[in-house]
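Below is one structure, written out as C-alpha cells; comments come after it.
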Amino acid sequence: MAVRRLDPVLVDRIAAGEVVERPAAAVKELVENAIDAGASSIEIAVEAGGRRLIRIVDDGAGMTPEDLELAVERHATSKIPDGDLFAIGTLGFRGEALPSIGAVARLAITTRTAEAETGSAIVVEAGVKGPVRPVAAPKGTKVEVTDLFAATPARLKFLKSDRAEAQAVAEVVKRLAIAHPTIRFTLTGEHVTSFTCPPEPEGEHGFLRRLSRVLGPEFNDNAMAVAVEREGVRLTGFAGLPTFHRGTSTHIHFVVNGRPVRDKLLLGAVRGAYADVMASDRHPVLALMIDCDPRAVDVNVHPAKTEVRFRDPAFVRGFVVAALKEAIVRSGFRSATTGGARTLESLRPQAAPPVRPVSVAHRAPSFRHTHAFAGWQAPHDTMLRSAGLAEAQASLPDIAAPSADSRAAFAEPDAGAEHAPLGAARAQIHGTYIVAQTQDGIVIVDQHAAHERLVYERLKRERAASGIARQLLLIPEVVDLDPVDADRVMAEAATLESLGLVLEPFGPGAILVREVPAALAGGRIKALVQDVADALAEWGQGASTPLEERLDAVLSRMSCHGSVRAGRRMKPEEMNALLREMETTPLSGQCNHGRPTYVELKLADIERLFGRR
C-alpha cells in the first residue's frame, strides 16, 4: 500500500484522541488557556457531563481578530515566544487544544482585547473553520464547546455516565483552583454541585483559605505548614496531620511551577514520609507547591501535561520526604480535631426505632424489686435508645451483675496539671482509657496506643545515639518457629543485635533469646520474636526498601510488646506521667499503626450535647 499524507482534519481528530479523551480534559485545556491569558475570574458551565455543552468565560487579555484566526490552527501558540522548549513558563504550549477540540465538536470562540472597540468570533465545526466576524463582546474570552465527539461517534461509547463525567470536571476545576488561589473559579451545571472559590490574597494565609474551601473546613484545623527551600527548589503549602486521612489518594495535590500534576515520584515520596505514622491503606490530605527552574523539570512528557519528569528525581524525592517528615515531627503530639467531632456525633440522639410492646408477664426484670418503682422502665429499654447508644448495649455490663471491668479508677485532683495541653488525669475506665481534664474540656487517651508510640520513639532515639540499651535475661527463653522463619531470623542476627535483640540458634526451628531491649523488659518474648520474623518476611517481599525504613519497621513491631497493655490498672502518678511524656514526644498523637492515641472534647461541645447551649 502506498504511503500518503493524512487529511488535515483526520490529523486533528487523531490529535484529539491524545489531548481530549473526555470532557474533563477539554475543560482542563480551556481553563489553562484562560489562566495563561491572565484572567482573574473564570466561569465554567457544563451540561450532560460536558458532552452536550462546555462553556468557559474569562476576563483575561483576549485576542485580536488575527490571533483568533490563527489560534484554531494546529501548532499555533503564543506561549513559547522565544521557541525554547526547555524553559516553559505557561500551562499550555503545544498549540493542539483548540484545533483538536474543533475537530471533534462544534467550537465557538468570542473574544475582545481591552484596546479593541468590538470583539471577534469564530466557529469551527467538525474541523471546518468558519470566518472571523465582528461581534459585541466584553473584555476577555468565551469558549463554547457543544456536541463533544459528535464527529467521532465511536468515542462516545467510551464515555462514562453524565454524572461521572461531571464529577471528573469538578475534580479538574478543584485542582486548578488549588494551583491558582488568587483567581476566582465558578463551576455550575448538571450532575455537579455548583461552587464558587472567591479570589484569595497572595501568601500563606490566602492559600490556606483556598484549601479550606476546596478540601473542606476541617483541613484548616488539621494542617501543618510546609516551607522549605534547597538548591533552587522551593516547597511550600500545607499537609494534613497523620490522623487526618482519607481512603484514597485523590486528596493529595501537587503543583509544579503552577501546573497541577499527578506524578508517581511525588506520590511515592508522600507515602514514604507518612509510612511511620499512617496505616498503609490510608492516604494523607495535602497540597504542596514546588517552584523550581523550568529547565530542571520536563513538562513535555505527556500529551495531557499531567505528568512531569525532574532532572534530578532522587533529590526531589528526598527533598519532599524530608520536608514532610520535619513538619510531622514539628506538629508534636497534635491529633486530628475530627476525632472529637466523630465522638460527639456518636453520642448525639438518633431517631428511636419503633418499640414493640412486650407483655409484662414475659419481661425479665433488670432490677430486683422493680415493682416498687411505679412507672419506671429499665435503662436498656429507654435510656439507651433515647441517648442514641443502642448499638453499644451489647458491650455494656448487665446492671444486675456489675463487672469490675466497668468501674473507673479515680485519680486525685491535680489543679496545676489542668493547664498542661493534655490536662490532668482524673480516671481510668475499663482498664484501657485515661480520662483527663483540661482547662476547656476533657481528653480521652488510649493508654496502650499512646505508650506504644512512646516506646517506639525511645528505641529510635537510642539507636540513633549510642545504640539500644539491652537487658540480659536471667533465664534465656527458647522460642519455636517455623524452620524457614527461624533461618530467616538468624540470617539477620547481627542486625537484630544492633536493635537490642540478641539471639542464638537452638536446634531446628528453635531460637534462644539471651538479651532484649531494656525498654521491652517484661514483655512477651515469644510474641516479640514472632513479630520480628514477620517483619523480616516482609523485607524479602520489598527488598528495595531503604535500610532505615526496614529497621524502623522492626522497632515498630518490637515496641508493641513493651507497651502498657489494655486492661492494666494504672496509678494516678503513672497516668499523669504518661500524659506529660506524650506532650514532649513528637508523633505521639498517633500510634505506630496510624490510629489516634487520644481524642479531645471541648466543654462547649459537651454542653451543647446536653442542651446547655
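The values are calculated or read from the model by the stated rules, or taken from the named source; none is laboratory data. Quick caveat, the model's predicted, so the values are computed rather than measured. Cβ: placed from backbone, ideal geometry, glycine included. Neighbour counts: every protein chain shown.
See the values below:
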quantity: Scope segment 206-238; condition assigned to a loop (DSSP other than H, G, I, E, B) and surrounded by 16 or more Cβ atoms within 10 Å (Cβ to Cβ); matching residues; calculated: ASN222
quantity: Sole exception among (1) in the same structural domain as ARG74 (by TED's automatic domain parsing); (2) in contact (Cβ under 8 Å) with a residue 12 or more places away in the chain for ARG213, by number; calculated: (1)
quantity: Tabulated pairs, segment 565-594, first at positive phi, second assigned to a loop (DSSP other than H, G, I, E, B), C-beta under 7 angstrom, 6+ apart or interchain; calculated: GLY567/GLY431; GLY567/THR432; LEU587/VAL277; GLY594/PRO242; GLY594/VAL277; GLY594/MET278; GLY594/ALA279; GLY594/ARG282
quantity: Total residues in segment 296-350, condition touching a helix residue (DSSP H, G or I) at 6+ places or on another chain (Cβ under 6 Å) and at pLDDT 70 or above; calculated: 11
quantity: Residue list for segment 426-475, restricted to those being under 23 Å from ALA494 (Cβ atoms), of a type outside the set (Asp, Glu) and more than 29 Å from the chain's Cα centre (by Cα); calculated: ARG463, ALA464, ALA465, SER466, GLY467, ILE468, ALA469, ARG470, GLN471, LEU472, LEU473
quantity: Subset of segment 459-478 (residues that are closer than 30 Å to LEU578 by Cβ and either in contact with a strand residue (DSSP E or B) (Cβ under 9 Å, 6 or more places away or on another chain) or not assigned by TED's automatic domain parsing to the domain that holds GLU581 (or both)); calculated: LEU459, GLU462, ILE468, ALA469, ARG470, GLN471, LEU472, LEU473, GLU477
quantity: Selection count, segment 182-222, where residues are closer than 30 Å to ARG311 by Cβ and under 20 Å from the mean Cα position of the chain (by Cα); calculated: 4
quantity: Qualifying positions in segment 239-281 - buried (at least 18 other Cβ atoms within 10 Å of the Cβ) and among the basic types (Lys, Arg); calculated: ARG259
quantity: From the options GLU477, GLU497, residue that is without any contact (Cβ under 8 Å) to a residue 60 or more places away in the chain and in a strand (DSSP E or B); calculated: GLU477
quantity: Wholly within segment 97-204, strands (runs of 3 or more DSSP E) carrying at least 3 residues that are buried (at least 21 other Cβ atoms within 10 Å of the Cβ); calculated: 106-112, 119-125, 140-146, 184-189
quantity: Some residue of segment 579-588 being modelled with pLDDT under 85 and assigned to a helix (DSSP H, G or I); calculated: no
